[in-house]
Structure formats: structure tokens, C-alpha cells
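Report on one structure; see the data block that follows.
The values are calculated or read from the model by the stated rules, or taken from the named source; none is laboratory data. Everything quoted here is computed from the prediction, not taken from an experiment. Here the Cβ positions follow ideal geometry from the backbone for every residue, glycine too, while neighbour counts run over all protein chains shown. Only protein heavy atoms, including side chains, enter the accessible area calculation; ligands, DNA and RNA are left aside. Shrake-Rupley method; radii C 1.70, N 1.55, O 1.52, S 1.80 Å.
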Amino acid sequence: MNQAASMAPKRWLPRSMASRIYLIIFIGLMLAQGLSFAVMFYERYESATTTMLDTVEHEVGTSVAMLDRLPAAERADWLILLRRDNYFFLLGQGQPGMPLATERSRQLVQRIEREVGPGYRVQGDTISMHPERYQVHFTLHDGSALTLEVTPRGVAPIAQWLPIVLVLQLCLLLACTWLAVRLAAHPLAQLAQAAEAMTPTADGPRMSEAGPVEVAKAAIAFNTMQERIARHLKERLHILASISHDLQTPITRMRLRAESLDEGEERPKILRDLHEMEHLVREGVAYARSAHGGAETPVRMDVKAFLESLVFDYQDIGKPVAMADSVKGTSMVRQQALRRVLGNLIDNAIKYGGSAEVSSWRNDEGALCMAVCDRGPGIPDDQLEQVLQPFYRLEGSRNRDTGGAGLGLAIAAQLARAIGGDLRLSNQSGGGLAAVITLP
């Protein structure tokens, strides 16, 4: 077995930590309760059996001694008074049988013999086994025969209500365990939610610092880490925006000087390079600003009308953009930020796929989904996540005419996160790329 297989999680275990703790504690409690019940049952059984044998031993000894002292004519009248649930006396030799077959019957006969003494010549015989029935024969001092017939019954070592109490006890323990596990696992769930909601603008939710000491310390450490990461990201974006903004002025001066040059072979090349530099600077500024897209105030808009307006704007300038099925109704969105996200995706689809198709729907959870699809070459599956990173381009030639600046999809992804949404890329079965935005 290789190392990866040995480190893989057990298939039979639940996926969540809380469920695993529930399962482990439940199995442990069941085993402990079962063991306790078995030990108690055995101890009570042994105790009840011993008590029963002692009681029968003394009662039989007393009864035999009394019958031995009564006149023979009066003995029959006392047999009904000496009758018990599991044994009774008979006058006479009884039935012929075979030797005692069970340990309990032999033990009882030995106890009776020890109790009454050797003068009564005690002897035991098994009459039947299904059900078990045996007789103990006595010879009284006047020579008369006396027989004790025993029909053993099961011993009830525990009260009928005791299993119910054990079940209620187990339910109480499980309820307390569920509460304890919930209290332990809930802060972890909050930690995961807070980590997923982190944004470069540091406006993500903060962990509650109340509760047990360990939870409070973890929450304080996480909040501090979140503030440091947010400060680092904001500083990085600020540096990128500042550099990009400051580069615009010297680039503009260089372009004006290049335009004043005499016509020649180098002039178009210089202007083309300056144009690419301006494009990269604008994209850098746009990427830095996209982290603050969530600052826009949400408005209620008609989704279908919004998408049709966006598609018509592209069609008016001759771009191959089509409208597919669209969900009806209104939704609260940050309209300008969403328009920028869809615009970047449509531009990317036109550039690499030749055309774009826009659609929208609501998923099973009721979230608004918008898709921009094309019929281009698509993206290798192992690079679908990487192309959403800034300055990452599929083409290694660094040719701006084919590879772009590597910021279009990164701006769309970061802006989608800033407005509370999510951007996912996938290859379509019939060819082409599908970019899906999901908004809550």
C-alpha cells in the first residue's frame, strides 16, 4: 500500500468532525453501558440464585422436619399449605427417573441433604428435561416415603423497570454529549466561515471573542491575523495603484513626444509600445480598484432588462454577443460592479472564442447565476483556477496581442468576490468556456 493510500481518510467515518465525535462517543457509551449491564446482570443472577437456593434449602428442611413429626394421618392435610410456586411435596415414592442432569439440581439436592441430615436418606432423580423437572426422595423416621417435586423457573435477577432506566440514562448521556460536541465544533465552523469571507478591504466578519478561554484566544489570534492579512493586501493594492497611476504621466509625455517625431520606421513601434504600456497601467489601476467593488450601494434591478441592455450595447458596436434564456424578476445587486465583471468576461469570450452568449438562472438554493459562454478552444482543466490569478496568461510568448495583460479574468474574479459573489470557469462538453457568476 502506498503512502497516499495509507494517509487517506477512512471511508466509513463521517466527513464532519462533530459527526465523528458523536459516533465515537456513542459507540463508547454503548459498549460501556452494555458491559455494565452484563456485569450487573451476571452479579444479580448469581446473587438471586444463591438467595433462592438458601431459601429453598431452609424451607424444605423445616417442612420435612415438621412432616416427620406429624402423625401419618395428618400429613396429607399439610401438603397444600407447604406448596410453593416451584415445588410441592408428595406422599409416597414418586416417579422413577434418571440421575440428576444439571448442576443446579445437584447443588440443590446437596444443600437439602446437608440441611436435613443423613437420617432421611436423601436421593434425587430427574423426571424430564423439557421442561426440567426433578424429584427429591426422603425416608421419614417411621419408614414412610416423602417426595419433593421441583420445577425450576427462570430467575429474574433485575427489576423490569431497570432496563428503562438504563435507556433513559444513555439518552441523557447522548444529549449531554451532543451539547458538548456542538459547543466545541461551533467555533470551528465560525472560524471557517470567517476565513472564507476574508476580503482585501478588511470588512469581513470578525470572530466573537466571547466563550471559553481557548476559544477566545483562538478568536483573538484569528482576528489579529485577519487584520494583518487585510492590511498587507491593501498595502499591496495601494502600491500597485500608486505605481500604475504615477506611470501614466511619464507615459503620456513620452507618447506626445513620440507623436511629434518625424515619420519614420521607429515612430509606429514606439507608439505601439506606449499604447501597450498605457493598457497595462489602466488594467493595474482597475485591478487595484476592483477590491473595493463591495463599497457600491446595492440596488434592486430587473435582471433580464439589465442583461439585455448590456448585450444590446455590444451589438450596437458590432460585437457578436447574443442573449440566451434569462431569469425573470428583480434582485438586489451592485450594478456597476456587476456590469464590469460581465464586461470583462464578454470581452474575454470575444477575444478568445470569437463570440459570447449571456444567460441567467437561479440555482436550487435560490442564488442568482449568470453565465458568459463561448465556443473557443477553452482552457486546460488544470489551469482553470490559475487563470483567475493576476498576470497569469496561458501563452508563454508574453505577446500582448494574443495573451493580453493577464488581468481581465483576475479583475472579474476579485470584483465578483468583492460584491459577495463567486466566479467559476468550466469547459463545456461541446467545446468552449463557460464563466458562471453566482450571487447570493
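Quick one: which residues, 5 or more positions from ALA322 or on another chain, have an amide H under 5 Å from its amide H? H modelled 1.01 Å from N in the peptide plane, none for Pro or chain starts.
Amide H to amide H, under 5 Å and 5 or more residues apart or across chains, ALA322 pairs with ALA356, GLU357, VAL358.
For MET98 and ARG253, compute 0.36 nm times the residue count separating them, minus their Cα-Cα distance, and round to one decimal in nm.
Between MET98 and ARG253, full extension yields an extra 43.3 nm.
Keeping every protein chain in place, order THR102, THR330, THR62 by accessible area at 1.4 Å, biggest value first, i.e. largest first. Walk me through the numbers before you get to the answer.
Working: THR102 30, THR330 70, THR62 95 Å².
From most exposed to least exposed: THR62, THR330, THR102.
Determine which aspartates and glutamates satisfy two conditions relative to LYS217: a Cα distance under 18 Å, and not lying fewer than 8 residues away in the same chain.
Hits, sequence-local ones excluded: GLU209, GLU227.
Enumerate the lysines that LYS351 could reach by cross-link, defined here as Cα to Cα under 30 Å, with residues fewer than 8 away along the same chain left out.
Leaving aside lysines fewer than 8 places away in the same chain, those within reach of LYS351 are LYS269, LYS304, LYS319, LYS328.
Placing unit charges on C-beta atoms (Lys and Arg positive, Asp and Glu negative, everything else neutral), compute the dipole magnitude of the range 45-115 about its Cα centre in debye, rounded to 20. Write down the numbers at each step before the final one.
Numbers: 8 positive and 11 negative charges, 31 e Å.
In debye, rounded to 20, the range 45-115 gives about 160.
With r as the distance between the Cβ atoms of THR55 and VAL165 and R0 = 30 Å, compute the FRET efficiency 1/(1 + (r/R0)^6) and round to 0.05.
0.65
Share of the range 46-114's accessible area from carbon and sulfur, percent, 1.4 Å? Don't jump to the answer; show the numbers that get you there.
Numbers: 2290 of 4160 Å².
The nonpolar share, carbon plus sulfur, comes to 55 percent.
Run the simple label-point estimate for ASP142 and GLU276 please: 7 Å along Cα→C-beta, distance reported in nm.
Result: 13.4 nm between the two label points.
In percent, what relative contact order does the range 33-170 have, based on Cα pairs under 8 Å that are 6 or more apart in sequence?
Computed value for the range 33-170: 28 percent relative contact order.
Excluding ASP54 itself, calculate the net charge of residues whose Cβ lies under 14 Å from the Cβ of ASP54, where each Lys or Arg counts +1 and each Asp or Glu counts -1.
Details: positive: ARG104, ARG111, ARG114; negative: GLU46, GLU57, GLU59, GLU115.
Neighbour charge sum, excluding ASP54 itself: -1.
Given a Förster distance of 41 Å, report the FRET efficiency between LEU191 and GLN336 from their Cβ-Cβ distance, rounded to the nearest 0.05.
Here the calculated transfer efficiency is 0.80.
At what distance in nm do the modelled label points of SER260 and GLN389 sit from each other, each positioned 7 Å from its Cα along Cα→Cβ?
Between SER260 and GLN389, the simple spin-label model gives 4.4 nm.
Evaluate the distance, in nm, between pseudo-label points positioned 7 Å from the Cα of LEU79 and of LYS319 along their respective Cα→Cβ axes.
11.3 nm
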